Amino acid sequence: MQMRRQSLTAYGTALCETVIDAPRPRGSEVLVRIARCGVCHSDLHMQDGFFKLGDGKTLDVRAGRTLPFTLGHEIAGVIEESGPDADARVGAQVAVYPWIGCGQCAACKAGDENICTAPRHLGTTVDGGFATHVLVPHPRYLIDYAPLPPGYASALMCSGLTAYAALKRLSDRAARAPLLLVGLGGVGLMGLALAQAMYHEAPFVADIDTKKREAALAAGAREAFDPSDPNSRKALLKASGSIYAACDFAGSDASLNFATGVLAKGGKVVVTGLIGGGYSTAVAMFPLKAMTIEGTMTGTLAEAHELIDLVRTRAIVPPPIAERPLDQASKTLDDLRAGKIVGRVVLTA
């Protein structure tokens, strides 16, 4: 049996199709035929081979990855074959938790495989979901998502999980005042839907893109602001009274400066975005404002189960999700890079 892939064959170039024999699962492994795979902004960094750190500096992430390589980590599909030691039902529809760890380091033993020191993350360190099939090392990473649509389930494995894990870390502050969400890409719009369900109150939002602000308002945001407008900070503080909790889903110097600039004393910003840039502030501001800045990297396997249960129970409406065929993977990355996508695009294998 053969599998088709949209492969990264050289960094900084377009993806192209490659065809290989599908792997046969051994031991506890499971082979999943992919139905949907979301296209995430972090796929752009993998395509480039680096993350921007600001001031012209970059973080090279090419090491340890053999080309051709298959990107894509937001995966939902059907179990096609399982190894002799895998307790998995062929034909079951599953979402794939992609943030798989080594199982031996301190993070993995604490349940934090997403921050493993020697990760086996699908689409990041081992081949992922821009393909017809993916090999998963153990059925524990497969989650029943019924009755959700497969495109929604796939997006929940990164876009949704990243937003959910970040929002959880703001629970104590969210009881004081409405949240602020900065950056309204796929993760930010997912965060908007989840925040309303988790905290029963519409958050404030901010993005430099007019269309994304309009989409957020249509999805229930309290008010939307343009961070590039010098009057927005004052307008947000007037509208909110105080901001005690913010999620920075963009992760740029401008977005983090905007988020911290409106924090009340005792406020907290959780950063998930990876756009890049530098951030600096006077050290004295941390104790003077009792300010917290925390970073998160996706979420745990336990949180992925929590998220699926939450979305299923509360019938949370997804952000805009468009479907494209697998062979449009490279065009979709180009469109995402150019800021042409509102919500999420998922590829159909």
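The values are calculated or read from the model by the stated rules, or taken from the named source; none is laboratory data. Just so you know, these numbers come straight off a predicted model, no measurement behind them. Virtual Cβ from ideal backbone geometry, glycine too; neighbours counted across all protein chains shown.
Miscellaneous remarks
- Residue count, segment 1-28 (criterion: among the β-branched types (Val, Ile, Thr), part of a loop (DSSP other than H, G, I, E, B) and closer than 30 Å to residue 87 by Cα): 0
- Candidate set: segment 339-349, residues that are in contact with a Cys (Cβ under 8 Å, 6 or more places away or on another chain) and not β-branched (Val, Ile, Thr); chosen: the one modelled with the lowest pLDDT: 349
- Residues located in segment 94-111, provided they are out of contact with any Ser or Thr (no Cβ under 6 Å at 6 or more places or on another chain) and surrounded by 18 or more Cβ atoms within 10 Å (Cβ to Cβ): 94, 95, 96, 97, 98, 100, 101, 107, 108
- Counting residues in segment 337-348 that are more than 22 Å from residue 245 (Cα to Cα), touching a strand residue (DSSP E or B) at 6+ places or on another chain (Cβ under 8 Å), free of Cβ contacts under 8 Å to residues at least 60 places away in the same chain and not assigned by TED's automatic domain parsing to the domain that holds residue 245 gives zero.
- So residue 155, is it assigned by TED's automatic domain parsing to the domain that holds residue 19, part of a helix (DSSP H, G or I), surrounded by 20 or more Cβ atoms within 10 Å (Cβ to Cβ) and not aromatic (Phe, Trp, Tyr): yes
- Any hit, segment 266-283, residues being more than 22 Å from residue 230 (Cα to Cα) and among the polar types (S, T, N, Q): yes
Let's see how each residue does on (1) touching a helix residue (DSSP H, G or I) at 6+ places or on another chain (Cβ under 9 Å); (2) in the same structural domain as residue 141 (by TED's automatic domain parsing); (3) of a type in the set (Gly, Ala, Ser):
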residue	(1), (2), (3)
285	yes, no, no
304	yes, yes, yes
310	yes, yes, no
325	no, yes, no
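- Those strands (runs of 3 or more DSSP E) of segment 219-338 in which 1 or more residues are of a type outside the set (Val, Ile, Thr), under 30 Å from residue 103 (Cα atoms) and at pLDDT 95 or above occupy 243-248, 292-295.
- In segment 94-110, the residues that are over 12 Å from residue 140 (Cβ atoms) and outside any strand (DSSP E or B): 98, 99, 102, 104, 105, 106, 107, 108, 109, 110
- Residue, modelled with the lowest pLDDT, within segment 170-214, restricted to residues that are under 26 Å from residue 336 (Cβ atoms) and in a loop (DSSP other than H, G, I, E, B): 185
- The condition of being touching a Phe, Trp or Tyr at 6+ places or on another chain (Cβ under 9 Å) and either surrounded by 20 or more Cβ atoms within 10 Å (Cβ to Cβ) or over 25 Å from residue 115 (Cα atoms) (or both) holds for only one of 194, 217, that being 194.
- Looking across segment 198-214 at every residue that is aliphatic (A, V, I, L, M) and farther than 22 Å from residue 311 by Cα, the one that is surrounded by the most Cβ atoms within 10 Å (Cβ to Cβ) is identified as 206.
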